[in-house]
Structure formats: structure tokens, C-alpha cells
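Single-structure report; data block below.
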Amino acid sequence: MEKLIFGMNEHGQAAITDALFFLTIAASLSGFLFYFSTPYGTAIADQIALQYRSDYITSALKTILYSSTPRDSVAALNDPNLRFDDTSVEEIDYLMAVVKEDYADNSEFEDETKDILKNSIAAVMKPVSDAYDYLFYIYVEPSSSSAHASKFPFVMLYSSKWTTVRTHPPLEFEPEKDVIYYCEPDSLEVIDDKLLPNVGLTYQSTSKMRMPTVNQSTVNARVTLVMWVSSKLPPGILNQTDLNCISKEEIFP
Amino acid sequence: MKQSGFLGPIGDDLPSLIPLLFALVLFFTSFTFAFNTFDKRNELFNTAIASLRISSAIKGDSYIESHDEFEKLCKSVGSKGVKFKAGLLNLNDNFDVFNLSFPQIPASNGKVFECENTTEQPTSNSRNLVARVYPVALQVSETSTDRFYVKPVLLLVVVWRN
């Protein structure tokens with residue numbers, strides 16, 4: 001009897017076992033398909049975002065360098081009502097001409113020139129300033145004719161501020177006023193090795209220029225604009241003596 | 001007793017059809033899901049790449065000398081498969097992607113710097129809507145003299161598929 005019962009069930013068990021093997025293989029293949037399709041394209045998306053941000057920062061620096069400015073730091077070139085015959089604006093000149101003229105005087109920038117630069121840069125970067133922070137600096141390369149000149153006649157840092165209301169998911173942030181700083185770093189290494197490593201991935205554009213000096217020669221200089229996704233800087237880093245940043249203006253979000 | 005539990009040569013295999021069918025449904029469902037995912041994402045990437053290409057063509061070297069030059073840059077745009085609208089805005093202007101209108105740039109003789117390959121406006125149902133903003137320098141010239149100044153403005157490019 002046992003032999004008969006065993007013989008009768010054998011055929012059906014083999015078919016079910018085969019089917020279960022097939023189900024296992026199909027489930028494994030489906031799992032692989034799902035696993036590889038979910039993150040598909042993340043690298044491409046990152047490359048596209050990188051390309052856009054690089055294009056933006058390059059275009060922003062070019063726009064700043066090409067722009068004209070009213071000689072009056074209070075007047076705004078991006079005033080939509082500005083006209084050639086506007087009597088409130090006495091003179092308009094290239095921004096870089098104003099900058100170079102001021103530098104040639106005493107190898108430093110007056111406060112009014114710094115404000116003109118600040119306003120121009122802030123206006124150009126405004127479309128992205130809610131999500132990105134940036135650093136703009138003019139660096140004069142050391143030479144015999146500029147031995148006593150400031151290496152960094154102008155450094156501007158735009159930094160977003162916020163407080164973390166909830167630290168566990170879903171994260172919640174309360175925006176605070178954004179701050180523009182003027183800084184006086186000791187060297188390029190302070191920017192490259194102390195400040196920028198704390199902000200994550202950066203997007204950078206640099207342009208060379210010649211700056212006239214007091215003794216009617218010229219020196220090589222570099223204008224750089226660096227942008228990064230808004231991030232919290234380590235506390236106290238901006239107050240350190242080798243970076244020496246001072247808060248200049250607070251902007252409400 | 002010889003027949004108990006024995007349904008027949010076909011009937012005995014019927015229970016094995018259940019996991020077989022389930023396996024087939026599972027495989028083809030995941031295959032279709034993966035295929036649709038690839039297809040949708042490829043379309044999104046193609047639109048995003050098209051937006052970068054169109055922006056680069058219109059932006060040029062980020063210095064726009066005149067309205068004629070802007071029109072020339074506009075004509076150089078290749079926009080196969082996508083619809084786009086582009087134009088210049090003042091730095092302080094707000095814009096609504098679903099109701100695009102570009103203002104007359106003051107002191108540019110009342111001309112509107114606008115470039116498009118369709119008269120339609122993008123809607124909330126438009127597929128793969130991408131907006132790109134770039135700062136550019138616009139030369140604003142006085143018609144009666146050689147005087148000009150260079151004004152920073154925004155180039156807005158909106159690209160989508162229907």
C-alpha cells in the first residue's frame with residue numbers, strides 16, 4: 001500500500017517542485033530588475049545639475065566683469081526706471097574701470113567702491129542666493145611693485161543662516177537673515193584649505209586681470225567667484241584672525 | 001485506493017500552474033516597470049539636456065550687444081522635439097512659468113527680447129517642464145549718440161514637451 005501511494009503522488013510533486021524553482025528564478029530576476037531600475041540615471045542627473053551650476057557661475061562672473069555701474073554707490077544700475085537722461089545718476093562707467101581706478105590710487109579699495117562691488121555681485125547672484133552661498137574675491141599676485149599692497153583688496157562672502165527646529169526626520173528649518181561679510185584672509189591657502197573644505201562641493205569661475213598700481217605699473221590679479229549649496233559653517237571660523245570676516249549687511253529671506 | 005489522490009495525467013500538474021503563472025506575472029510586471037522607468041527618465045534627461053543646449057545657444061558669451069544679435073542667437077537654436085520660450089528679464093522682475101511674458105527692457109528702444117518656437121504657454125500638464133535662469137550682460141545704447149552702458153539682466157529659458 002505504501003509503495004502504491006508513493007508511486008501515485010510522485011508525478012505531481014515533481015511538477016510543483018519545478019514550478020517553485022521557476023518561481024524562485026523569476027522572483028530573483030524581478031528583484032534584480034527592480035534593484036537596477038530604481039537608481040537609474042542618478043549619475044546623469046548629477047552631471048546635468050553640475051553643468052547648469054558651472055554655466056551659471058561662469059555667466060555670473062562674466063556679467064559682473066562686463067557690467068557698468070553708476071559712480072554713485074547708492075544708485076542702482078538695475079533700477080528699471082534708469083534712463084540716459086536721468087539726472088539722479090551723474091555718471092555711468094564700467095564696474096572694472098571704477099575698481100581699477102580706485103586701486104591705482106593707493107592699492108586699496110575705498111568703502112564706496114566696495115559697496116558698488118557688493119551691490120553688483122548681490123544683484124547678479126540674487127536668483128540663486130536663496131539656495132546657494134558664494135564667495136567673491138580679487139587676489140593681487142605678489143610682485144616687487146606691489147610689495148606693500150593688500151593681496152586681497154576685496155573679499156565678499158554671502159552666507160545663509162538658519163536654525164534647525166527639528167533634527168530628526170522630517171527635518172525642519174527656520175530661516176534667519178542671510179549675511180554678507182567682508183573678509184581679509186592672510187593668504188589663498190586660508191580660503192582654499194580652511195574655508196572651502198567646510199562647504200562641500202563648490203562651483204568656481206576665475207578670470208585674470210591687470211590692476212594698475214601707484215607707480216603707474218600693472219600687476220597680475222585674479223577675480224574668482226565660488227558658489228556652493230548653502231551649508232552651515234563651523235562656529236567661529238569666520239572670526240579667526242587669518243580669515244577675519246566682518247558682517248557688513250544682513251538680508252531678510 | 002489506487003485512484004485516490006490521482007487526478008489524471010493533466011490534473012496532477014494543475015497545482016503547479018499556480019506558481020508558474022504567478023512567476024510569469026511577477027516577471028513581466030517588473031519588466032514593464034523597469035522599461036517605463038527607463039523611458040520616462042530618458043525623456044526627462046533629454047529635455048534637461050535640450051534646455052542646456054538651447055540656453056547655451058541663446059546665451060552665447062553672456063554679452064548681448066543688441067536686439068539684432070539676440071535675434072541672430074535665437075535663430076541659431078536647434079529645438080527638435082521640445083518647445084521652448086526664452087527672453088530677458090530685469091534683475092528684479094518676478095516671473096510665472098505658466099504665464100510667461102517678457103517686459104520691455106527700459107532704455108532699449110522699447111524692444112522685447114523674446115525667443116520661442118511655439119505660441120503656446122506651458123501648463124501644469126506639460127511634461128518635463130524645465131526652467132533655466134542665467135545672468136547676462138546687455139548693452140543698452142542710446143539711438144542718437146554712441147553712448148551706451150552695460151546692464152546685468154536675466155536670461156530665462158523654459159523648455160517642455162507636450
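The values are calculated or read from the model by the stated rules, or taken from the named source; none is laboratory data. In this text the structure is predicted, and so the values were computed from the model without any measurement. We place every Cβ from the backbone using ideal geometry, glycine too, and count neighbours over all the protein chains shown. Side chains are part of the model used for accessible areas, which takes the heavy atoms of the whole protein and leaves out ligands, DNA and RNA. Shrake-Rupley method; radii C 1.70, N 1.55, O 1.52, S 1.80 Å.
Taken over segment A:94-136, the criterion of being open to solvent by 40 Å² or more (accessible area, probe 1.4 Å), part of a helix (DSSP H, G or I) and closer than 19 Å to A:Asn215 by Cβ is satisfied by A:Lys100, A:Glu101, A:Asp105, A:Asn106. Within segment B:112-162, the only residue that satisfies the criterion of being surrounded by fewer than 17 Cβ atoms within 10 Å (Cβ to Cβ), within 14 Å of chain A (Cβ to nearest Cβ) and closer than 30 Å to B:Asn42 by Cβ is B:Ala131. From the residues in segment A:34-61 that are of a type outside the set (A, V, I, L, M, F, W, C) and in contact (Cβ under 8 Å) with a residue 40 or more places away in the chain, which one is least open to solvent (accessible area, probe 1.4 Å)? Here the answer is A:Tyr56. Pairing residues of segment A:221-239 that are closer than 16 Å to A:Pro185 by Cβ with residues that are open to solvent by less than 20 Å² (accessible area, probe 1.4 Å) and part of a loop (DSSP other than H, G, I, E, B), at Cβ distances under 7 Å and at least 6 apart in sequence or on separate chains, gives A:Ile237/A:Leu243. A search for C-beta distances below 6 Å between a residue of segment B:43-54 that is part of a helix (DSSP H, G or I) and any residue that is open to solvent by 60 Å² or more (accessible area, probe 1.4 Å), counting only pairs 6+ apart in sequence or on different chains, returns B:Phe45/A:Ile44; B:Leu52/A:Gln51. In summary, A:His11 fulfils each of the numbered conditions (1) within 8 Å of another protein chain (Cβ to nearest Cβ); (2) modelled with pLDDT of 85 or more with the single exception of condition (2).
Of all residues in segment B:64-108, those being in a loop (DSSP other than H, G, I, E, B), open to solvent by 30 Å² or more (accessible area, probe 1.4 Å) and more than 22 Å from B:Glu43 (Cβ to Cβ) number 11. Look at (1) under 19 Å from the mean Cα position of the chain (by Cα); (2) in contact (Cβ under 8 Å) with a residue 40 or more places away in the chain and you find that B:Phe98 fails only one, number (2). Can we say A:Ser88 is open to solvent by 20 Å² or more (accessible area, probe 1.4 Å), polar (S, T, N, Q) and at pLDDT 90 or above? So A:Ser88 does not fit the description; no.
Against the definition (at pLDDT 90 or above, more than 7 Å from chain A (Cβ to nearest Cβ), over 29 Å from the mean Cα position of the chain (by Cα) and in a helix (DSSP H, G or I)), how does B:Phe28 come out, yes or no? Spell out how you get there, then give the answer.
Details: at pLDDT 90 or above: yes; more than 7 Å from chain A (Cβ to nearest Cβ): yes; over 29 Å from the mean Cα position of the chain (by Cα): yes; in a helix (DSSP H, G or I): yes.
In short, yes.
Restricting attention to segment B:45-76, the residues being in contact with a helix residue (DSSP H, G or I) (Cβ under 6 Å, 6 or more places away or on another chain), within 11 Å of chain A (Cβ to nearest Cβ) and farther than 12 Å from B:Val130 by Cα number 4.
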